[in-house]
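The values are calculated or read from the model by the stated rules, or taken from the named source; none is laboratory data. Values in this document were obtained by computation on a predicted structure and should not be read as measured data. All Cβ positions, even for glycine, are placed from backbone atoms using ideal geometry, and neighbour counts span all protein chains on display. For accessibility, only protein heavy atoms count, side chains too; no ligands or nucleic acids. Shrake-Rupley method; radii C 1.70, N 1.55, O 1.52, S 1.80 Å.
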Amino acid sequence: MAMRPDGFQCGECGWTTAKWMGRCGGCGAWGAVAARDAPTVPPGQRPTVPSAKAVPIALVDAAAADRTPTGLAELDRVLGGGLVPGEVVLLAGEPGVGKSTLLLEVAARWARAGRRTLYVSGEESAAQVRLRATRTGGLADELYLAAETDLGTVLGHVEEVHPSLLVADSVQTIATDTAEGAPGGVTQVREVTSALVRTAKRRGLAVVIVGHVTKDGAIAGPRTLEHLVDAVLSFEGDRHNGFRLVRGVKNRFGPADEVGCFELGEGGITEVPDPSGLFTHAHEEPLPGTCLAVSLEGRRPLVAEVQALVAPVPPETPARRVVNGLDGARLAMILAVLHRKARLALGRFDVYASTVGGARLTDPAADLAVAVAVASGCVDRAFPAQVLALGEVGLAGELRRVPSLERRLAEAARLGAKLAIVPAGSRDTSLAKAPDLGALKVVEVATLAEALAALDLRRGAPKEVVPVE
C-alpha cells in the first residue's frame, strides 16, 4: 500500500498546502508544487548531549574567521576583503559569460600563494580545463583538478587532497544517490548544496559553487539555494563586449552592494580597477544629444555617457522608443515630463537613447542626464564643454537630490568634466563635504525646466520641433 503524502510543498520557496495546486501560493511559480512524504522521524525527540558546549560570544575566537585574499582585488572588493574559512559562495551567470575562466584564475592565484586548491569540473573534461589553464596562464603546482559528477566522489577527493579552497563547476551537474530526480533538479541541487555546505563548515573549507541562470536571468534551482550559501554573486556582461561585472547580491561577511569590474579577452580575464573611462568617449568637438552621468555601484562611482537621437517620423508611422543600457519605462516617464513641464512635444518623433561601452544605468540619479541628452538632441544644440547632469526627475518636473553627490562629482572632476548641473540644496548638504573639484563648475537648479534653461536648450529649436502651447 502506497504511503499517503503529507501535504504538498513548493520546491522553490517551501510553501505548503493540503492539496495539490498548479501554481504556488507563496512565490507564484508554476509546476513547482509536489507531494511531500510523511516525516519518518516523530516530532517529539528527546534532547541529545551537544558535542561542544555553548560559550559566551565574547569568548569565541574571531581569528578563525580571518579573511584570505583571493589574489584578485576586484573580487575581494565584492567579497569584503577575501574568503572566510568555511564560507560558501554561489557565482551565477549566463552561459559563456566567463564564470569558469574567472574561477580558474582565482584557483590558480590561490594555489600560487602556497594554498592547496581543488577544482572540480562537471561540465568539461580534465584535458579541456588543462588547455584553458595553459591559454590563460592558470597552471600552478598546488592546483588539483578532477572531472567528476558524483557527489560522493567529489567529497572523496576533498578527503584525499585536503584543499583550503574547493571550486565546484557547476552544482547543476553534480548528483547524489541520496536524492531523487535528475541532476540539476530541485531536489538534487538542494541536497548537493547542503552536503557541500556541511563539508565547508566542518572542515573550515572555502567553497565556490558555479550556478546556472534561467532564461529570465534568475538563479536556476530552488529558492532555498540562495539561503543555504553565505554569499551570492552575479556575473554580468554582454557576450559582444569584453567588459564584465561581478555584483554582490547577498553577503553574510561583507557588503551586499559592491561591484567588481573585469575584462574578458583571449588571454583570460583581467581586472579593471578604473572602469569609468570605458563608458565615455572623448569627442574632438562637442556633439548634440550627449551628456555625462555618474552611477553609484555600491561605493564605487562610475562615469557613463548617455546619448540620445531624436528624429521626426511621417504622420502614418507610430513613434518608436528604443533604449540600450537604460530602463525603457524610466525613459517614457522622462519624455512625459519633458512634454508637460519643458514644453517639448516629442509625440511625433522617434527617440533613441543609449549608453556608451555597454554600461547599464538603473540609478535614478541618471534621470537628468537622460532628459538633457534628449533635449539636446531635440534642439540639435551641443554643449560648449563636457557637461555632467545629476538628479532624479519627479513627475512634477522637480529635481530631487541624490546620495553621495560629493563622490560622484569628485570622480567626474577627475575625468575632466567642466560643468555639473545638480539639484538645488545640494551645496548645503553633500557639497559641504566635497573635496577640491578643480575646474568643475557646479550649478544648482530646482526643476527640469531650469536645468534646460541653464544649458540654453529651450531656445532655437528646429522647425520640426513643435513647442507645446
Net charge contributed by nearby residues that have their C-beta within less than 15 Å of PHE253 (K/R +1, D/E -1): -1
If you roll a 1.4 Å probe over the range 153-238 with all protein chains in place, what percent of the accessible area is carbon or sulfur? 51 percent
What does the charge count near ALA413 come to, summing +1 for each Lys or Arg and -1 for each Asp or Glu among other residues with Cβ under 14 Å from its Cβ? +2
Return the long-range amide H neighbours of ALA32 (sequence gap of 5 or more, or a different chain), with a cut-off of under 5 Å between placed amide H atoms. CYS24
So which aspartates and glutamates pass the test for LYS215, namely a Cα distance under 15 Å, with those fewer than 8 places away in the same chain ruled out? GLU94, GLU236, ASP238
Counting only helical runs of four or more DSSP H residues, what would the 222 nm mean residue ellipticity of the chain come to if each run contributes -39,500 (n - 2.57) and the total is spread over all its residues? -7000 deg cm²/dmol
Set of the range 332-367 residues, backbone N closer than 16 Å to the point 7 Å along the Cα-Cβ line of ASN241: 353-363
Percent RCO, i.e. relative contact order, over the range 162-253, from Cα pairs under 8 Å lying at least 6 residues apart: 24 percent
Roughly how many Å² is the accessible area per residue of the chain, as a whole number, for a 1.4 Å probe? 50 Å²
Order these peptides, 61-73, 141-153, by their mean beta-carbon neighbour count within 10 angstrom, highest first. 141-153, 61-73
Whether the range 180-250 is rounded, prolate or oblate, judged on the alpha carbon gyration tensor where a/c under 1.5 counts as rounded: oblate
Using the Karplus curve 6.51 cos²θ - 1.76 cosθ + 1.60 with θ = phi - 60°, what ³J(HN,Hα) values do you get for each residue of the range 86-96, in whole Hz, with x for Gly and Pro? x, 7, 10, 10, 9, 10, 10, x, 5, x, x
Enumerate the calculated ³J(HN,Hα) couplings along the range 252-265 in order (Karplus 6.51 cos²θ - 1.76 cosθ + 1.60, θ = phi - 60°), each rounded to whole Hz, writing x wherever the residue is Gly or Pro. 6, 10, x, x, 9, 10, 7, 9, x, 10, 9, 10, 9, x
For the range 326-333, take each phi angle, set θ = phi - 60°, evaluate the Karplus expression 6.51 cos²θ - 1.76 cosθ + 1.60, and give the result in whole Hz per residue in order, putting x for glycine and proline. 10, 7, x, 5, 5, 5, 4, 5
Which Cα, out of ASN241, GLY122, GLN188, lies furthest along the positive dipole direction of the range 112-247 (beta carbon charges, K/R +1, D/E -1)? ASN241
Of LYS250/LYS341; LYS53/LYS99; LYS99/LYS441; LYS19/LYS53; LYS250/LYS441; LYS53/LYS250, which ones are farther than 32 Å apart at the Cα? LYS250/LYS341; LYS53/LYS99; LYS99/LYS441; LYS19/LYS53; LYS250/LYS441
Enumerate the amide H contacts of LEU419 below 5 Å, restricted to partners 5 or more residues apart or on another chain; note that Pro and chain-start residues carry no placed amide H. LEU388, LYS441
Interchain or long-range residues, amide H under 5 Å from LEU145's placed H: TYR119
In the chain the cysteines whose Cβ sits 4.7 Å or more from every other Cys Cβ are CYS261, CYS291, CYS378
If packing is taken as the average count of other Cβ atoms within 10 Å, what order do 249-255, 113-119 fall into, highest mean first? 113-119, 249-255
Packing-based ranking, highest mean first, of 326-332, 418-424 given that Cβ atoms within 10 Å are counted: 418-424, 326-332
